[in-house]
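Working notes, structure below.
What follows draws every value from the coordinates through simple rules; no lab data is involved. Because the structure is predicted, anything quoted here is derived from the model rather than measured. With ideal geometry, Cβ positions are generated from the backbone for all residues, glycine too; neighbour counts draw on all protein chains shown.
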Amino acid sequence: MRDWVSFSEVKKRVKLDRVLRSYGVDWLRPSGEQQDRGRCPIHQGQGTEAFHAHLGRNVFHCFACGAGGNVLDFVVAMEGCSMRDAALRVQESQDGAGVAWASEPERSKLVTKERGINPPLGFSLDLDPAHPYLAGRGMDAATASYFGVGYYSGRGLMSGRIAIPIHDEESISSLWWPRRGRGDPRYRFPAGFQKSQVLFNYHRARAASDDRVVVVEGFFDCMRVHQAGFSCVVALMGARLSRAQKDLMANRFSSIVLLLDGDQAGRRATAQIASDLAPACSVTLLPPDTQPDQMAADQIRQVLTKAERRTAIRAN
Ligand SMILES: [Zn+2]
């Protein structure tokens with residue numbers, strides 16, 4: 001196998017219908033010029049017209065799960081692998097199939113895809129909230145049910161994964177799930193998902209009577225803080241605050257407690273975000289090397305109650 005791969009060469013030379021066939025996708029029907037439609041091989045949902053393959057443009061789009069892109073995006077979605085692995089896989093499978101490859105490596109670059117921002121999901125999954133993975137991360141089944149989180153044992157791309165529904169203000173717009181595979185702790189969003197446009201759990205937090213919101217980095221941080229009795233909590237899904245996220249918070253809450261990870265990156269982010277949100281923001285720093293999803297409920301309550309008192313003092 002070659003150790004280099006040209007993304008642009010693969011995208012240009014490998015035909016989508018060929019890749020579809022190699023995955024056994026033989027059920028698409030012609031619909032318009034150089035366009036096929038049918039059930040989506042990625043999320044395998046019910047919609048019999050959801051998946052569109054534009055053979056002329058060599059791209060695809062699913063109107064149900066929101067997946068879309070070029071041949072490499074398709075392989076990434078099917079395999080849950082990296083773009084580079086997808087390119088190597090496709091290149092290898094096409095060798096000897098009459099495809100001539102450029103002899104010099106080109107600089108590889110990721111493609112930016114044009115899509116509507118976080119379209120609603122067109123399907124739902126039957127998830128198990130009592131899976132040992134969730135218990136192992138300190139979540140009880142009631143919390144998992146409340147957040148709609150669980151293990152998916154059905155078929156398709158999300159088989160064998162934990163799925164976490166992400167809502168925008170109106171609908172479930174996306175699912176997040178840990179990758180399959182041993183020793184690979186990375187997580188992935190669906191293709192094209194823009195996490196900077198939403199705050200995890202915002203639709204519930206804004207409905208709370210509280211004017212003070214706790215802000216954490218990750219999904220599990222958020223769920224653990226909720227479980228400790230603080231339901232007015234949102235997650236940034238990272239350690240950065242986007243303009244859209246800032247607006248969401250500033251429009252609804254007057255007081256904000258930052259409970260980001262206690263590591264160096266978390267502390268740096270805390271300082272940055274605190275200055276972004278000032279003067280509405282009261283900041284809570286965690287002891288080094290701790291993060292909310294690894295704290296006991298008692299510990300979380302202690303830290304947040306302390307922060308509450310500090311806010312009260314400041315207000316007087
Ligand atoms: Zn789909």
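With the simple model of a label 7 Å out from the Cα in the direction of the Cβ, Lys15 to Ile117 spans 3.9 nm. Maximal additional length on extending the Gln34-Arg243 stretch stands at 71.2 nm, based on 0.36 nm per residue less the C-alpha distance. Over the C-alpha trace of segment 6-88, radius of gyration and Dmax come out as 11.9, 35 angstrom. If you plug the beta carbon distance of Ser196 and Ser153 into 1/(1 + (r/R0)^6) with R0 = 22 Å, you get a FRET efficiency near 0.10.
Taking a Cβ cut-off of under 15 Å around Gln227, the surrounding Lys, Arg, Asp and Glu residues balance to a net charge of 0, with basic ones at +1 and acidic ones at -1. Estimated at 0.36 nm per residue, the fully extended path between Asp276 and Arg301 surpasses their Cα-Cα distance by 6.4 nm. The stretch between Thr48 and Glu308 holds 88.4 nm of extra length on full extension. This uses 0.36 nm per residue minus the Cα-Cα distance.
Spin-label pair Ala265-Ser8: with each label point 7 Å from Cα along the Cα-Cβ axis, the two points sit 3.1 nm from one another. Modelled spin labels at Glu169 and Arg57, positioned 7 Å past Cα toward Cβ, are 2.9 nm from each other.
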